[in-house]
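Student: Pasting a structure here, questions to come.
The values are calculated or read from the model by the stated rules, or taken from the named source; none is laboratory data. Remember, predicted model here, so these are calculated numbers, not experimental data. In this analysis, Cβ positions are derived from the backbone assuming ideal geometry, glycine residues included, and neighbour counts consider all displayed protein chains. The area values use the complete protein model at the heavy-atom level, side chains included, leaving out ligands, DNA and RNA. Shrake-Rupley method; radii C 1.70, N 1.55, O 1.52, S 1.80 Å.
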Amino acid sequence: RGYSEARYARVPEDAGRPSVMARGIELHNCATVRVDHCEIELFGHAGVIFYGGHDNLVDHCFLHENFRYGYGYGVATPGTQALHIEDNNFENHRHGIAGNAGGATYIARYNRLVKDASVFEAWQQSPDGIKQLRAHEIDAHAKTGMTIAHNNYVAMLGALMSGAAMMRGNPARLYGNVFVSCSPGVRCIGDADDVWTWDNVHHDCPSETASTATGEIHFGERPA
């Protein structure tokens, strides 16, 4: 862990350490690909990343410790359409699922997304990197398309996650999830619009929802 290039170093002593900026499985403009029953760990950028393409599936995988400061995703979705992410186990990422603009659309369901603050000390990251581990798990950048996340279990051990799901400029349907030790469960910012959340369960969450978004946000409401 760490950063060999000085421009990526968070503190001077990080320069010269081994650098981790790699991807486990990288797919470009693919359709109807299934990535299943894989264990993918220790990649700095992403465990699985889809550049473009459509109608792909990631299921029944164990993705863990794909992390570095400013990156670190279990599954990343730059520009892909109708990606299904289901029945996976995500542990200790910056974002378990990253919605990477380009109109990307994904459906995340029946996943377990858990972080444990106790793992961080062994990673030799800069001390402020713990903030990255505490970042939200279900992510959508500005200009991401429809994000659907339902029946997922999202939790953090030994600390408070800064949010279970963050919608930064996109429409979304977030429902039937269980959020544990997250504050808030769902946060909306930027020009997020047409976001609906309902039937989510919150345990040990000081706040359940928060929004500074400019669009229409419907917390606790189900669309017709």
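Student: For V201 and H84, compute 0.36 nm times the residue count separating them, minus their Cα-Cα distance, and round to one decimal in nm.
Tutor: Here the answer is 39.9 nm.
Student: Note down the nm distance, to one decimal, between modelled labels 7 Å out along Cα→Cβ at V178 and at Y110.
Tutor: In this crude label model, V178 to Y110 measures out at 1.6 nm.
Student: Okay, next question. Once the Cβ-Cβ distance between A31 and K131 is put in as r, and R0 is 30 Å, what FRET efficiency do you end up with, to the nearest 0.05?
Tutor: According to the calculation, E is roughly 0.20.
Student: Could you tell me which label, among [x] 1.58; [y] 0.96; [z] 1.20, carries the value of Cα Rg over 2.2 N^0.38 Å calculated for this structure?
Tutor: This structure yields the entry labelled [y].
Student: Take S211 and H150, extend 7 Å from each Cα along the Cα→Cβ direction, and tell me the distance between the two endpoints in nm.
Tutor: A separation of 1.9 nm, rounded to one decimal place.
Student: Just the accessible area per residue of segment 73-224, please: how many Å² with a 1.4 Å probe?
Tutor: Accessible area per residue, segment 73-224: 38 Å².
Student: How far is it, in nm, from the label point at H60 to the one at V119 when both lie 7 Å from their Cα along the line to the Cβ?
Tutor: For the pair H60/V119, the computed spacing is 2.3 nm.
Student: Would you compute, from DSSP H runs of 4+ residues alone, the mean residue ellipticity of the chain at 222 nm, taking -39500 (n - 2.57) per run and dividing by the full residue count, rounded to the nearest 500?
Tutor: -500 deg cm²/dmol
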